[in-house]
1. In the list A:D272, A:D285, which residue meets the criterion of being under 29 Å from the mean Cα position of the chain (by Cα), on the phi > 0 side of the Ramachandran plot and among the charged types (D, E, K, R)?
2. Checking the conditions here, which among B:R274, B:R305, B:R329, B:R348 is of a type outside the set (A, V, I, L, M, F, W, C), open to solvent by 40 Å² or more (accessible area, probe 1.4 Å) and touching a residue at least 40 places away in the same chain (Cβ under 8 Å)?
3. Condition first: open to solvent by less than 30 Å² (accessible area, probe 1.4 Å), without any contact (Cβ under 8 Å) to a residue 60 or more places away in the chain and within 16 Å of DNA strand D (Cβ to nearest atom). Now tell me which residues in segment B:60-79 satisfy that.
4. Please determine whether any residue of segment A:184-198 is over 21 Å from A:E228 (Cβ atoms), crowded, with 16+ Cβ neighbours inside 10 Å and not assigned by TED's automatic domain parsing to the domain that holds A:L74.
5. Looking at (1) crowded, with 22+ Cβ neighbours inside 10 Å; (2) farther than 20 Å from B:N83 by Cβ; (3) in contact with a Phe, Trp or Tyr (Cβ under 7 Å, 6 or more places away or on another chain); (4) not β-branched (V, I, T), which one does B:S299 not meet, given that it meets all the others?
6. Does A:A45 fit the bill of being over 30 Å from A:L124 (Cα atoms), crowded, with 19+ Cβ neighbours inside 10 Å and more than 11 Å from DNA strand D (Cβ to nearest atom)?
7. Against the definition (closer than 27 Å to B:V128 by Cβ, modelled with pLDDT under 95 and surrounded by 15 or more Cβ atoms within 10 Å (Cβ to Cβ)), how does A:V25 come out, yes or no?
8. Can you find, within segment A:68-97, the residue that is farthest from A:M302 (Cα to Cα) among those that are more than 8 Å from chain B (Cβ to nearest Cβ) and assigned to a helix (DSSP H, G or I)?
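The values are calculated or read from the model by the stated rules, or taken from the named source; none is laboratory data. Just so we're clear, the structure is a prediction, and the values are computed from it rather than from any experiment. Don't worry about glycine lacking a Cβ; one is built from the backbone with ideal geometry, like all the others, and counts go over all protein chains shown. These area figures cover heavy atoms from the full protein model, side chains too; ligands, DNA and RNA do not enter into them. Shrake-Rupley method; radii C 1.70, N 1.55, O 1.52, S 1.80 Å.
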Number of protein chains: 2
Amino acid sequence: MGRAKRKAKASTRPDIHAVAHLARVSIATVSRTINNVATVDPRLAQRVWKAIDTLGYSPNSQARALVSGRSRLLGLIISEITNPFFPELIQGFEDVAVENGYEILISSTNYEPQRMEQCIQRMLERKVDGVAVMTFGIEEPLLDRLAQREIPLVFVDVAPKGPLFSTIEVDYYHGIREAVQHLAVLGHRRIGFISGPLHLHSARERQSAFLRAIGEIGLKLNPAWLQEGDHTLEGGISVMQKLLDSGDAPTAIMTSNDMTAIGVLHALYKADARVPEDFSVIGFDDVTIAQFTLPPLTSVQMSRRELARCAVLALRDHLEPQPSSYVPRYKVQTKLTVRQSTGLPSARPFRRGNGRNGRKPAPQS
Amino acid sequence: MGRAKRKAKASTRPDIHAVAHLARVSIATVSRTINNVATVDPRLAQRVWKAIDTLGYSPNSQARALVSGRSRLLGLIISEITNPFFPELIQGFEDVAVENGYEILISSTNYEPQRMEQCIQRMLERKVDGVAVMTFGIEEPLLDRLAQREIPLVFVDVAPKGPLFSTIEVDYYHGIREAVQHLAVLGHRRIGFISGPLHLHSARERQSAFLRAIGEIGLKLNPAWLQEGDHTLEGGISVMQKLLDSGDAPTAIMTSNDMTAIGVLHALYKADARVPEDFSVIGFDDVTIAQFTLPPLTSVQMSRRELARCAVLALRDHLEPQPSSYVPRYKVQTKLTVRQSTGLPSARPFRRGNGRNGRKPAPQS
DNA sequence: AGTCATCCGGTAAACGTTTGCACCGCTCCG
DNA sequence: CGGAGCGGTGCAAACGTTTACCGGATGACT
């Protein structure tokens, strides 16, 4: 009956041999059963499953990975987890990964391009099967270095060449056009845009989508209404203040991300202006916080769960041959979520401190 | 010269044999060198390091884990990553883990206790060395089942018995007393508290810390000012509305978490009351969003980075014998962060819709 | 009935490390 | 001068899987 030497192993977790022994089959059969590969006699299979169940066996993923060369681990590189843009992305990534039998490994660059190298290094040591790079502002030279690695990589927007690389496209235009249209329908003709730092690919994309939308809808854009921000709260505050000081502020302000929009809200609050009565504000990203601002922020949303899903699927498609009928399509939409920061334009232009709403300026503590 | 069969391995990543061969030593020596275990002749060691460097070798963590039985992987179980409480915790956990040479694996329960089982399952399959359970509202029976596992576990607040378990204590009282004192110094005598759901351990802790602080500072608490919330925005809104409707609202409101406080802010905004002129509001947790509300929220902070650091260290202390001089102390402080939602109490009681600030009610969209 | 193809299950060799054990040469001491 | 002790190194056996390969049984066809 073979294998007499292992017996009464007390407290250690059961291994494949224990299962094989209990089911009176060889370990090969157990392996084939749990991987449902090739054909195993249904009666044997049943014995095996039963044995697995009674022993509470679960395969050792490291041994598996070691011999098969596939770890079923997916890497996710992000900028910084405390940036409210990312948690939802991570959640989506994890959900879809787990759905497909993968575990995930997260690493953050903290916006420092040189840390990307370490992230990749850690991922490689853990032998991930593929990596999704979802960080802001990835640089071209860095891409080339990434290209050396022999694992599938997926990016957003940017499209490096190479058979192991995939790109997820984002249709910024769709949602931004909806936003501009929304404002136009409300009656706004003076619409401003505060962009992100223009060295960022995604910021440029958003800005040009805005310009295109303005053009196609047939509005006129005063160049002074197009300002460059930096995707921070403070940036939003100072740019909005500048617009107010100019004396020729637009009646509606769109921004390249929600942080900037919240900055705008703060600036308006300080200037004693009301939203949406005096100004309409639209953010971008529809970060969780957007629901909680005062007033809740109208924002253009790119589904981060969808983005994450695409990323996982793109990697999976590299790793597991798909049926020929399957046509991958990695593209995510954007769309407008209307909340309470947008409304009809004010009848007469807002003038700072005209006191028409009688509020004293907020006290400085 | 041995090992002639491996040669010209072209594109595969170098393994320990390649290093050994290049350094003209055995693989055992290479292993001992990189783990700096036992004593290796410095000259050999140097040859080894050089070989490692020229080949760009990095050890295969799975093979390592397989034979050593230690994966250098730490599990982290949280409630939900999109809850703004967690990202900072995760960040801290990761930082300290990486500092100590560990990687982390995250899993979320989504507040469903039954999912805890799956989380643990996944962790065990990946053979984590230890797990930190940082989820809200863990149930006693679940703890007992966790106890079956043979890996170190660390918890917050709750203290299961067992040699493999550690607990991190949180000193809620310190920060909450600071908060009450802050309000008292400003002149508030009517201070209310909106608790979390009282079946949660941490919510009870916070409430009793508040009661103790009120007592020790010598204030009187009207029982109507002590309300149970549910840690959600909506809960905060409705409880605050109830307080306003009662006609005997406190002049300052403390809450058991920031979400509730933001709800309070919303309710006050709708009721046309001003913060901090009419009411002072203090949150708990000091979540990132608290900086961005209107006005920025005064809040009691428990350092989540510190909490995370304690968790990692507690696990490490279980896994790696520490020098006897080392005395572990897993306790984290709370403290008050003052922003702009607190100020002097209003001279005369606020009355809804008395129009004294002339604002029209916010339009419903 | 004999031969061949087919199918399924078992045996054993990997995968890349760590580590117990044995060995070798040196030093030190009797 | 010989033996004991020891520091340093190599050999080989694990760790728990997957999978190529082989061999035995079974059914079909001539």
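1. A:D285
2. Step by step, each of B:R274, B:R305, B:R329, B:R348 is checked, and only B:R305 is of a type outside the set (A, V, I, L, M, F, W, C), open to solvent by 40 Å² or more (accessible area, probe 1.4 Å) and touching a residue at least 40 places away in the same chain (Cβ under 8 Å).
3. Matches in segment B:60-79: B:S61, B:Q62, B:S71, B:L73.
4. Scanning segment A:184-198, I find at least one residue that is over 21 Å from A:E228 (Cβ atoms), crowded, with 16+ Cβ neighbours inside 10 Å and not assigned by TED's automatic domain parsing to the domain that holds A:L74, so the answer is yes.
5. Among (1) crowded, with 22+ Cβ neighbours inside 10 Å; (2) farther than 20 Å from B:N83 by Cβ; (3) in contact with a Phe, Trp or Tyr (Cβ under 7 Å, 6 or more places away or on another chain); (4) not β-branched (V, I, T), the lone unmet condition for B:S299 is (2).
6. Answer is yes for this residue.
7. Against the criterion (closer than 27 Å to B:V128 by Cβ, modelled with pLDDT under 95 and surrounded by 15 or more Cβ atoms within 10 Å (Cβ to Cβ)), A:V25 does not qualify.
8. A:S68
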